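Worksheet: the structure to be examined is printed underneath.
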Amino acid sequence: MRRTGVNRLLLGVVGAVLLAVGVLVLAGGLDLYRRLGADPPGWWPLTSPDQPVLSARSRTRWADSTWWWPTVIGGLAVVIAGTAWWLVAQLRRSGPAGLVVPTPGATGLRLRVRTRALEEALENGTATLPEVERAGVRLVRAPGHPRLRGAVRLTPGGDPAALVEHFDTGPRTDARTSLGLPELPADLRIRVLQAAQPGSRRRRGRRRPPRVE
């Protein structure tokens with residue numbers, strides 16, 4: 001799953017939790033339970049406008065216990081550290097922001113292509129190859145040169161070896177030539193769909209992605 005997918009999932013879960021808590025607080029503050037004749041959840045403390053979210057007994061229940069404050073401080077430290085890690089992960093890119101495109105014969109002209117534009121071009125070129133149902137390609141950092149990482153799903157009965165050859169002579173060669181790179185290594189994770197057969201179960205196993213050097 002890409003970073004954007006993880007972010008959407010986390011934000012969706014946090015948003016759903018906050019929305020549910022907000023609706024419960026609003027219902028208790030506006031006395032909607034009594035007005036509508038609804039029963040609040042048994043574990044929810046705020047059921048009328050005169051009640052606090054946390055009662056004095058709840059706030060001081062474990063205050064005298066030796067484990068209480070270390071647990072609170074440790075929990076808050078974990079939350080802060082996790083939030084800081086997530087923020088740093090958003091600011092850090094897994095690949096270069098862009099690559100310089102050579103312009104032979106044009107003195108003083110400097111062209112730069114965005115990484116995402118290059119990835120989309122590679123994905124589109126890979127998706128048009130024979131027997132390819134879906135393709136995703138990313139450009140990642142590597143010592144001294146960029147590297148491609150792709151995930152390709154083939155139609156039932158697809159030939160992985162043929163895909164590697166077509167990818168090598170097609171999208172990868174085109175990208176390497178356009179960028180003027182001496183080499184552009186690639187790791188491909190290939191999945192071949194199997195046709196469903198009555199009474200048979202599909203076996204799933206992990207295969208190491210083939211490398212195109």
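Here L148 clears all of (1) modelled with pLDDT under 85; (2) open to solvent by less than 20 Å² (accessible area, probe 1.4 Å) except the condition numbered (1). Report, by residue number, each residue of the range 108-148 that is in contact with a strand residue (DSSP E or B) (Cβ under 6 Å, 6 or more places away or on another chain), part of a loop (DSSP other than H, G, I, E, B) and closer than 15 Å to I190 by Cβ. E131 - this is the single residue of the range 108-148 that is in contact with a strand residue (DSSP E or B) (Cβ under 6 Å, 6 or more places away or on another chain), part of a loop (DSSP other than H, G, I, E, B) and closer than 15 Å to I190 by Cβ. Only a single item in (1) in a helix (DSSP H, G or I); (2) over 26 Å from the mean Cα position of the chain (by Cα) is not met by A175, and it is number (2). Of the residues that make up the range 61-81, is at least one surrounded by 12 or more Cβ atoms within 10 Å (Cβ to Cβ) and touching a Ser or Thr at 6+ places or on another chain (Cβ under 6 Å)? No: the range 61-81 contains no residue that is surrounded by 12 or more Cβ atoms within 10 Å (Cβ to Cβ) and touching a Ser or Thr at 6+ places or on another chain (Cβ under 6 Å). Looking at the range 179-192, which of its residues are out of contact with any Lys or Arg (no Cβ under 7 Å at 6 or more places or on another chain), open to solvent by less than 70 Å² (accessible area, probe 1.4 Å) and either at positive phi or of a type outside the set (A, V, I, L, M, F, W, C) (or both)? Across the range 179-192, the qualifying residue is only G180. For the range 111-130, name all the residues that are touching a helix residue (DSSP H, G or I) at 6+ places or on another chain (Cβ under 7 Å) and at pLDDT 90 or above. Result: L122, G125, T126, L129, P130.
The values are calculated or read from the model by the stated rules, or taken from the named source; none is laboratory data. As the structure is a prediction and not an experimental result, all values here were calculated from the model. Here Cβ is always computed from backbone atoms with ideal geometry, including for glycine, and neighbour counts include all displayed protein chains. Each accessible area value is taken on the protein alone, full model and side chains, heavy atoms only, with ligands, DNA and RNA left out. Shrake-Rupley method; radii C 1.70, N 1.55, O 1.52, S 1.80 Å.
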